[in-house]
Amino acid sequence: MPSKIAQKHAKSSIKSAPKPTPKDINSSDLDKDFASTQSSLESKNPTSTQSLSSAQKPSPAKTTKPPKPQDTPRSTKSTIQTLNQMSAKSFAQNLPQNLSQNLSNETRDTSPHGLTNLAAKLFANREDAFDKLYDMFVNQHIDSSQNIILSTSFDGLFFAHNLAHKLNSKLDLLFSAPIFAPMNDECEIASVSENMDIVLNEELIDSFDITLDYVYGEARRTYDEVLLPRIYKFRKGATLSDLSQKDVFLIDQGVESGITMSLAIKTCIQKKAKSIFVLAPVIARDVAELLKSQSDMLICVASIDYFVSTEHYYKELKSLSEEEVLKIMSAHTKADKAEKSKESI
């Protein structure tokens, strides 16, 4: 802070500066100043004979937009590491900007099916999504006589039911449930199947210092409290269908993180499946690359770099009710019993 002497000196200097008044300035003085300025400029630049009054105004400089950064594939691991490094406050501040950039990048991607990965909806409803997915499936010319269709979720059962009807195949529902972080029921750190197979999100587990004892304890509790009641309710207590030496088609209405689908693949391997095919209308691109390495083939309509959510790409997507799930499961159970009775005869 300036001293009192400096402040006093500043005030006095301001007061001593004379203020211009209308009588101090007249037109003749302005003309003289203008003429002297013009003559001095012409003397410095003798080649320029054009006066300032008649000179053309310089055209405004053209501004060029900075080049857009090249899109780089986003991996789940790098995304998790980035989020761990960012504070919650900085992430919240940058969220609108990041989201708008992600959506703008989506408009430049094109799926194998020829669809543009816009922020707009890709499918009108499940029927539309299944038709497009089935077209992709038929183009692969998969020859399989011993196959089974497995849905990895309740909502994916619609796709499994329709595909089983097209192929005249057996259908079943592979039950699994997520395991959440302590004190956070929205952060999925692992998933457990009805075969007691477990897939871990190691990045999150390491980031939050979660012990494996906690994960396996929650897996046991989830199996007893969530999976067993579902098995008795929707499959009448029966175990998962025999997958030995069969071509398994895992299907769902969309794949986001890939944990559930990876768990299903692991269960099929444990059940000695002959081959494993993954089908989904829409899937995150980095997850698609992972599932390609885990399965024999991946079939999808659109794989998207900056995946929002499965619901985001459907105009209409209502969850299947328990009554609809029971109806589909009971219909296939009756068909299986009828087929077994014919084989016994």
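The values are calculated or read from the model by the stated rules, or taken from the named source; none is laboratory data. On a predicted model such as this, the values are computed, not experimentally measured, just so you know. As a convention, Cβ positions derive from the backbone with ideal geometry for all residues, glycine included, and neighbour counts pool all protein chains shown. Please note that ligands, DNA and RNA were not included when accessible areas were found on the heavy atoms of the full protein model with its side chains. Shrake-Rupley method; radii C 1.70, N 1.55, O 1.52, S 1.80 Å.
Computed quantities for the displayed model
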item: Inter-probe distance in nm under a simple model that places probes 7 Å from Cα toward Cβ, at SER293 and GLN146; result: 3.0
item: Pairwise FRET efficiency - GLU311 versus PHE180, Cβ, R0 = 25 Å, nearest 0.05; result: 0.80
item: Whole-Hz couplings from phi, Karplus 6.51/-1.76/1.60, listed for the range 203-209; x for Gly and Pro; result: 4, 5, 4, 5, 5, 9, 6
item: Note, ³J(HN,Hα) from phi for the range 291-305, Karplus 6.51, -1.76, 1.60, rounded to Hz, x at Gly and Pro; result: 5, 4, 6, 9, 10, 7, 7, 10, 10, 8, 7, 9, 10, 10, 5
item: HN-Hα J in Hz across the range 214-224 - Karplus 6.51, -1.76, 1.60, θ = phi - 60°, x for Gly and Pro; result: 5, 4, 5, x, 5, 5, 5, 5, 5, 4, 6
item: Label-to-label distance, nm, for residues given as SER207 and VAL138 (7 Å Cα→Cβ offset); result: 4.3
item: Out-of-range pairs (alpha-carbon distance over 25 Å; input LYS272/LYS318; LYS121/LYS318; LYS121/LYS170; LYS266/LYS292; LYS166/LYS274; LYS292/LYS315); result: LYS272/LYS318; LYS121/LYS170; LYS292/LYS315
item: Theoretical gain in end-to-end length, GLN270 to SER321 [0.36 nm per residue, Cα-Cα removed]; result: 15.3 nm
item: Share of carbon and sulfur in the accessible heavy-atom surface of the range 215-283 [1.4 Å probe, %]; result: 49
item: Amide H contacts under 5 Å for GLN253, placed H, 5+ residues apart; result: GLY156
item: C-alpha center-to-center spacing [the range 280-339, the range 196-223] in angstrom; result: 25
item: Label-to-label distance, nm, for residues given as MET196 and ASP242 (7 Å Cα→Cβ offset); result: 2.2
